[in-house]
1. Just name the residue that is surrounded by the most Cβ atoms within 10 Å (Cβ to Cβ) out of those in the range A:1-18 that are facing chain B (nearest Cβ under 7 Å) and part of a helix (DSSP H, G or I).
2. From the list B:Val54, B:Val17, exactly one residue is part of a strand (DSSP E or B) and in contact with a helix residue (DSSP H, G or I) (Cβ under 7 Å, 6 or more places away or on another chain). Which is it?
3. A:Leu21 versus (1) buried (at least 19 other Cβ atoms within 10 Å of the Cβ); (2) facing another protein chain (nearest Cβ under 10 Å); (3) not small (Gly, Ala, Ser): which is the lone unmet condition?
4. Failed condition for A:Ile164, given (1) farther than 14 Å from A:Ile94 by Cβ; (2) more than 7 Å from chain B (Cβ to nearest Cβ), with all others met?
5. Scan (1) hydrophobic (A, V, I, L, M, F, W, C); (2) over 21 Å from the mean Cα position of the chain (by Cα); (3) more than 14 Å from every other protein chain (Cβ to nearest Cβ) for the single condition B:Ile92 breaks and write down its number.
6. Name the residue, out of A:Ala59, A:Ala69, that is out of contact with any Phe, Trp or Tyr (no Cβ under 7 Å at 6 or more places or on another chain) and either within 13 Å of another protein chain (Cβ to nearest Cβ) or surrounded by fewer than 19 Cβ atoms within 10 Å (Cβ to Cβ) (or both).
7. Looking at the range A:126-145 only, could you name the residues that are at the interface with chain B (Cβ under 7 Å from one of its Cβ atoms), crowded, with 23+ Cβ neighbours inside 10 Å and hydrophobic (A, V, I, L, M, F, W, C)?
8. Which condition does B:Phe207 not pass, out of (1) closer than 30 Å to B:His311 by Cβ; (2) in a helix (DSSP H, G or I), if it passes all the others?
Amino acid sequence: MAIQPPESRLWWKEPVAKVELIWVIVAFLWGLVMFFMMIYWHAAGKQNISSEAYRVDPASYQKKAEELAEKYKTGERAGIPIVKPPAGSDIYLIARLWQWWPIFELEKGKAYRLHISSLDWQHGFSLQPVNINLQVHPGYDFVQTITPKDKGEYTIVCNEYCGIGHHQMTGKIMVVD
Amino acid sequence: MATVSEFRICPTTGLKVHSAAEKLIKANAVVAVVFLAIGGLFGLMVALTRWQAVHLLPADWFYLALTAHGFDVLLAWIIFFEIAVLYFASAILLNCRLAAPKVAWAAFWLMLIGALVANVAVLQGGSSVMFTSYVPMKAAPHFYLGLILFAVGALLGVAVFFGTLVIAKEEKTYEGSLPLVTFGAVTAAIIAVYTIASGAIILIPTFLWSIGLVSHIDTLMYKLVWWGMGHSSQQINVSAHVAVWYAIAALVLGAKPISEKVSRLAFLFYILFLQLASAHHLLAEPGLSAEWKVFNTSYAMYLAVLGSMIHGMTVPGSIEAAQRARGFNNGLFQWLRKAPWGNPAFSGMFLSLVMFGFIGGISGVVLGTEQINVMMHNTLYVPGHFHGTVVAGTTLAFMAITYLLVPLIFRREVMFPKLAKIQPYLFGLGVLGISVFMMGAGTLGVARRHWDMNFADAALTFDYPPAAFLMMALNGLSAVMAATGGLIFIVVVVGSVLFGKKVEGKIDLTGGAAVAKYGSAGTLKIPGTAVLVAVFFTCFVLYYFVNWKYLSELWPLR
C-alpha cells in the first residue's frame, strides 16, 4: 500500500506496466506540442504581446501624453479629451487613480504604437468587448503595436484592483473608418 | 529517546502512534477547520456581492472581505492542514516519535498568532490590498508582520517534519524506502522551503517599506518574487493533495501504487520544475522577454504538468487494479460502479481527482499559455481556474481525508453519517459551478476583484453582455451550494470531534483486506482507467486548440 514502504526493496528495478508507459510517452509528447505551439505562434501568429518596454519617470510620461493630447484634440467627453492621432504614430495612454486618459479615436485597420503606463499604482488594461488584457505598472512604459479590426466604441476597464475607486475606472477607445 | 508509554498501537492499522504527534495533528487540523469556516463565510459574501441582483456588501466591505477570504482559506486553512498532513505522513506512517514537539508547538503558536494579526489588520480596514498586496499599494505594517510570523511558523513545522524523517531513519522504525505518501509529503515540504524563502525575500523588505525604512520597491520585481511564493505555495498543495489521494486509496481500498517508480518520478518532476511556474503570472507584464516567458510558463516544456498527468492515471489506475483484484471484473467500469461512493472519504477523493484534472488542470495550462493569456489575464477566468485546483482539488481532498482522521486520530465515530455521505457531492457540485461560471464570465471579459460590473458610478459607462450577468448569478447560486456543503462539513467534523461516540478497537475502513499483488506488470489490466484518461486527453486537446482559434480572431498585436 502507498502508506507502507514498498514491498520490494529494489522497487526501482520493477518493470513499468505497458499502459502506464504509453501514457507517460503520450503526455510527454503533448507537452512538447504545447511548448512548440507558443514558438510557432511567434513566427506565424498575429497576436503576440510585445516585450518592448522602457523605464520611465511618471512625470515625463505624463508630459508626453499631455503634449500629444493637446496637439490632436478633437473634442471632449465627460471632461476627458478625445484625441485623434495620425495612423501609425506613437500614442500615449495614462492610467491613474481612477481614470484612463485620454480617449483615443483610431482608424480601423491601421496600426498604432500604443504606450501604456501608470502614474501611481498598478492598473489593468482590459479592452472590452475585444478582451485584450495587459498589466500596467508605474515606472514602465509598455509599448504594443495594435491594429483595431472593427469600428465601434470600446471600453477600457481596470482589472487590477487599485483601491476603493477601482470599479469606477473606465476609459474609451473609438474606432472609425 | 521516547518511552514506550508515549505510544499507543492503532488497532486498525497496527501503526505505533506517538501521543505528542497525535496532539499536534489534532491542534493543527482543528485550527485549519476554524479558518476554513471563517474564510468560507467571507467567500460566500464575496460571491453574493458579485451576484449583481443581490449585491450584498458595500464597496469597501467587499474589498475587505475579498482580502480576508484569500488569506484565510488559501493560506491559513490549507497550510495548517498541511502541517497536520506532514506530521501524519512522518511520525504516524513511519511508526516514529515526532522530532522536537516543543518546536512544533512553537510553530503552531507562531502560525496562529501570525494569522490572527493579519486578520485583525484586514478587519481594521486599512489593509484591503488583496491577498497579493501588490506594491505600491500599502497595507498596515502589522499585515505584513502577521504574514511573516505565519511563514516562520510554517517553516519551523517543515523543519520538525524533516527532523522526524531523520529520527525514523536513525532508529530504523521502517524497512527499506519511504512509503509513497510520505515521499509525496517530502515533495511538498521541499517545495515549502523555497516557497517560504521567496516569501521572506519579498515580504521582509515590504514590511520595512511599510514602516518607512525602505524608500522604494520596484513593482515588477515585487511581483516576480512574490509569485515565487504565491504560485509555489499552490504546488505544495498539489503535492500534498496528491499524497492524500494515494493515502485514501490505500486506506479505503487497500490500493497500492501500480508502479512505485513512475509515481515517485512524477513527484520528482514537481520538485524540479514547479518553481518556474511563477512566470505564468507575469505573461501580460512589461519588461520580460518572450523567450523567458515561454520557457518558464511551460515549466521547462511542461515537465511538471507531465507529473500531474501521470498521477491522473496512476491514482485511478491503482483503484481500478485494487477493485479488479477484489473481483469487480465485469466490463470496463464495474470497478468504478462498485466503488464505495457512500463513503465520503472515497467520494470526496475521487471528485477531487476528476475536477482537479478536468477543470483546474486543463484551464490552468490554457491560461498559462503565453499568447492565450492575453484574453484571460485578470479576468474572472483566473479565479475560475484556481477554484478548480485549490478548492475542488486541495480543499475537497483534505475534507475527504478528515473523514478518516476523525476515527483514526481523534478516535471518534463520524456523527450524522447521512449528512456526511452527501457532503462531498454538495460541496463538489457547488465548486464545479463556481469554477465553470467564473471561467465563463471571464471569457466574456468580466474583471476579477471588481465590485460593480454595472459601472453605475463610472463617468464612462459600459455594459457587459447579459450572459455575463447570468454567469455571475449562477456563480452566486453555486457558492450558496458550496457553502452549504462547507457548513455540513464543519458541523459533522466539529460535532464528531466534540461529541462523537468514542471508537474502541479496530475500525473497518477497507471493507476487505489490502491488495497484496495485482499480478505481474506484463498482465496488469486497467482498461477502464485507460478509457478515462483517453477522454481526459481528448478534452484537453480540443479545449486547447479552441482557445488558439479564439485568439486568432483577436485584434493583431505585436
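The values are calculated or read from the model by the stated rules, or taken from the named source; none is laboratory data. Computed from a predicted model, the values in this text were never measured in an experiment. Positions of Cβ are generated from backbone atoms using ideal geometry, with glycine treated the same way; all protein chains shown enter the neighbour counts.
1. Step by step, filter the range A:1-18, then rank; the result is A:Trp11.
2. The match here is B:Val17.
3. Failing condition for A:Leu21: (1).
4. Of the numbered conditions (1) farther than 14 Å from A:Ile94 by Cβ; (2) more than 7 Å from chain B (Cβ to nearest Cβ), the odd one out for A:Ile164 is (2).
5. So B:Ile92 meets the others, but not (3).
6. Of A:Ala59, A:Ala69, the one residue that is out of contact with any Phe, Trp or Tyr (no Cβ under 7 Å at 6 or more places or on another chain) and either within 13 Å of another protein chain (Cβ to nearest Cβ) or surrounded by fewer than 19 Cβ atoms within 10 Å (Cβ to Cβ) (or both) is A:Ala59.
7. Listed by number, the residues that qualify are A:Leu134, A:Phe142.
8. (1)
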